[in-house]
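K.L.:
Can you keep this structure in mind? I'll have questions shortly.
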């Protein structure tokens, strides 16, 4: 009901007041001057230290991320951009807004060592602690921070258990609430505001994190008051989220027991305002809805957590009437943000005085293959030039520019990463291919917010897995972290989809528990625009988000008069009203999860169902308390990643689809079930026709050799004539013979077409493995990863 606990932050601030750092350095006299400060910003890197493939959305392209210049991200590019921008600025700080851990295989193998070492080598000035820093446990975070993080890790709104207590994780010894950076006389106080909204998912098991979250605005207010007299600027580096960042400045509404909130309601300054009482007024046990005052005195907030880019930054007015610059710089190593500030220094330094930001300019640097060439980027996004998809890569000079940017990537960071990359190749075999996606397989629903293509096959794989074979399956949507992008599907792609080491659990739920689970999914989805927060298999249901809104009205009722107390108009399709009693009295309530079917039959509230879920939600993660309190959980040890890989390996290949076969060689049905009929969508069939035409082109003969054999002829000038003579083409070069083949483009591998890959004339193809070459030579034999939204999750919003 409340955002966090109160009462501890003041003691923290006062205890630290006696430990203010001594500032040393050259004596600068900046009184009355206008000075420039550059803030470089990274956020939510999520272990994307190695360039990766994805399809940039329009929002990415609006920020000038070039679709043809993949792969994207990567530590070597980020390091080069940071060094370049540091060299340009006079006063420069680099801040990170958390979640550098989790999201790519390098974390699964090294649990954060590489990420902290990279940020340390990049001379990071400070980072806030993100929620995913604890994904491998608090002890792992502490160990990696102690051994590899040479920068302050900040979390002002976390009160850690006493480090002297037996069994403590020691996190208080590697984190601080704030740090002060003096940059050529400009004193910058940096306060870290760590995530609170996701703490419910990292304290399962009796607060294993050993932390008490503190109310964000009062914590920030306390440290701003502490630092303002001894600093010129106050910068908040935040992993709270965009809305919470805005709440820091403007204030927000929350619910508290009156006795807990009374000291803040009755104080003389920045008092909380009571908006509504639930219970007798003045009673300490009554719940009150209050407005918590915003914080004055902050100059800049650099935020993260929600993976958005604010370009330009927001200018939000604080209670004192000053503008606060609010900046977010995206996620997954796609951008490096640069915020240029012009700061007006006071005429005299004294207690309570500080500098003022009088102007700001923001730029997000895209991290793609053309990161070093702004002229080529302007060429790609010239409003007077229209580029067809994929056309830009063939424009004069583009491939050469990509190669040049590759040569400029930071060598020191490359040396740092090489041991980790070699270790991943040995342990994970990331380049292994097991399927082909003719189109992107989306993790989100693109039409109505219900089931998604990738979510459907992920849940299907859980339900149908050997040793599981459940009646239905359910997994949380946010556990699926990426799309499957068009091209070959590799082990690395699956780590991007399922970076967490989640496993399949089997549970036996009563019909009543099933109803409660579907109600909870609907309620949680209603909070997020009625976009489904779960993916299911073996079931169908409708999220009645309109009913959630009606339930929240808390219309008073009695059981005897529910038919007249609760609204009866336009109830078609909604569940019947009941009079629900809770701590605040009786209210009208109806089930928001409706039209529930399990394997084609209506939900039997008296029945028992075998359900497959992931271990995270089985333990109560994401708020699934209905699963947490169930005692039937069976751990299978089967990872969601391996389950989906095995399921997709059984899909039909193009040879099956073009020949009209109903099943693959292992008996899996071809296509998707739509309105009771197994159908193959036209786009998938067209893609298979492209693969077939390319395969037939390779079989075409020129002289006595097939085009497939001609592509394998050596390019060595001394050996090539003999090889061409063996093909009956003594007077022809390999290039001339290949041109006679007139090969079509063929299937898209994810970085280039198979024709470019086999002819070797496109540097964007990247590392060509033997398995990738084999695919291009016989593309119709690879299982086809295709999926659709089939309406298994409906929704009602009116």
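The values are calculated or read from the model by the stated rules, or taken from the named source; none is laboratory data. What you see is a predicted model; the values in this text were computed from it and never measured. For neighbour counting, all protein chains shown are included, and Cβ atoms are generated from backbone atoms with ideal geometry for every residue, glycine included.
K.L.:
Please verify whether residue 222 is part of a loop (DSSP other than H, G, I, E, B) and either in contact (Cβ under 8 Å) with a residue 40 or more places away in the chain or in the same structural domain as residue 297 (by TED's automatic domain parsing) (or both), treating the condition exactly as stated.
P.N.:
Criteria not met by residue 222.
K.L.:
May I pose another question? If you scan segment 591-609, which residues turn out to be surrounded by fewer than 18 Cβ atoms within 10 Å (Cβ to Cβ) and more than 16 Å from residue 525 (Cβ to Cβ)?
P.N.:
Hits for segment 591-609 are 597, 599, 600, 601, 602, 604, 605, 606, 607, 608.
K.L.:
OK, next. Mind checking which residues of segment 753-793 are under 28 Å from residue 446 (Cα atoms) and in contact with a strand residue (DSSP E or B) (Cβ under 9 Å, 6 or more places away or on another chain)?
P.N.:
Of everything in segment 753-793, those that are under 28 Å from residue 446 (Cα atoms) and in contact with a strand residue (DSSP E or B) (Cβ under 9 Å, 6 or more places away or on another chain) turn out to be 782, 783, 784, 785, 786, 787, 788, 790, 791, 792, 793.
K.L.:
Also: Tell me, which strands (runs of 3 or more DSSP E) lie completely within segment 586-691 with 3 or more residues that are over 28 Å from residue 137 (Cβ atoms) and touching a strand residue (DSSP E or B) at 6+ places or on another chain (Cβ under 9 Å)?
P.N.:
593-598, 608-614
Residues checked against (1) surrounded by 23 or more Cβ atoms within 10 Å (Cβ to Cβ); (2) within 22 Å of the chain's Cα centre (by Cα); (3) not in a helix (DSSP H, G or I):
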{"position": "436", "(1), (2), (3)": "yes, no, yes"}
{"position": "446", "(1), (2), (3)": "no, yes, yes"}
{"position": "455", "(1), (2), (3)": "yes, yes, no"}
{"position": "459", "(1), (2), (3)": "yes, yes, no"}
{"position": "463", "(1), (2), (3)": "yes, no, no"}
{"position": "467", "(1), (2), (3)": "no, no, yes"}
{"position": "473", "(1), (2), (3)": "yes, no, yes"}
{"position": "481", "(1), (2), (3)": "no, yes, yes"}
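K.L.:
Look at residue 336 and say whether it is in contact with a strand residue (DSSP E or B) (Cβ under 6 Å, 6 or more places away or on another chain), under 24 Å from residue 122 (Cβ atoms) and either surrounded by fewer than 16 Cβ atoms within 10 Å (Cβ to Cβ) or assigned by TED's automatic domain parsing to the domain that holds residue 192 (or both).
P.N.:
yes
K.L.:
Restricting to segment 1-54, give me the number of residues that are at positive phi, exposed (fewer than 15 other Cβ atoms within 10 Å of the Cβ) and modelled with pLDDT of 50 or more.
P.N.:
Total satisfying the criteria: 2.
K.L.:
Looking at residue 316, is it surrounded by 14 or more Cβ atoms within 10 Å (Cβ to Cβ), outside any loop (DSSP other than H, G, I, E, B), touching a strand residue (DSSP E or B) at 6+ places or on another chain (Cβ under 7 Å) and without any contact (Cβ under 8 Å) to a residue 24 or more places away in the chain?
P.N.:
Answer is no for this residue.
K.L.:
Looking at residue 572 and the list (1) farther than 22 Å from residue 448 by Cβ; (2) surrounded by fewer than 16 Cβ atoms within 10 Å (Cβ to Cβ), which single condition is not satisfied?
P.N.:
With (1) farther than 22 Å from residue 448 by Cβ; (2) surrounded by fewer than 16 Cβ atoms within 10 Å (Cβ to Cβ) applied to residue 572, the lone miss is (1).
K.L.:
Residue 477 - would you say it is closer than 30 Å to residue 523 by Cα and modelled with pLDDT of 95 or more?
P.N.:
Yes.
K.L.:
Residues that are closer than 19 Å to residue 42 by Cβ, touching a residue at least 12 places away in the same chain (Cβ under 8 Å) and not assigned by TED's automatic domain parsing to the domain that holds residue 361, at least 3 per element: which helices (runs of 4 or more DSSP H) completely within segment 56-159 meet that?
P.N.:
So the answer is none; nothing clears 3.
K.L.:
Restricting to segment 713-751, and then to whatever is in contact with a helix residue (DSSP H, G or I) (Cβ under 7 Å, 6 or more places away or on another chain) and touching a residue at least 60 places away in the same chain (Cβ under 8 Å), can you tell me which residue is surrounded by the most Cβ atoms within 10 Å (Cβ to Cβ)?
P.N.:
Checked segment 713-751; the qualifying residue surrounded by the most Cβ atoms within 10 Å (Cβ to Cβ) is 747.
K.L.:
Out of (1) in contact with a helix residue (DSSP H, G or I) (Cβ under 8 Å, 6 or more places away or on another chain); (2) surrounded by fewer than 23 Cβ atoms within 10 Å (Cβ to Cβ); (3) under 29 Å from residue 131 (Cβ atoms); (4) at pLDDT 95 or above, what's the single condition that is false for residue 64?
P.N.:
It is condition (3) that residue 64 fails.
K.L.:
Enumerate the helices (runs of 4 or more DSSP H) found wholly within segment 712-798, keeping only those where 1 or more residues are closer than 27 Å to residue 436 by Cα.
P.N.:
By residue number, 734-741, 754-759, 770-777.
K.L.:
Just one of the numbered conditions (1) surrounded by 13 or more Cβ atoms within 10 Å (Cβ to Cβ); (2) free of Cβ contacts under 8 Å to residues at least 24 places away in the same chain; (3) over 17 Å from residue 479 (Cα atoms) is not true of residue 681; which one?
P.N.:
Residue 681 satisfies every listed condition except (2).
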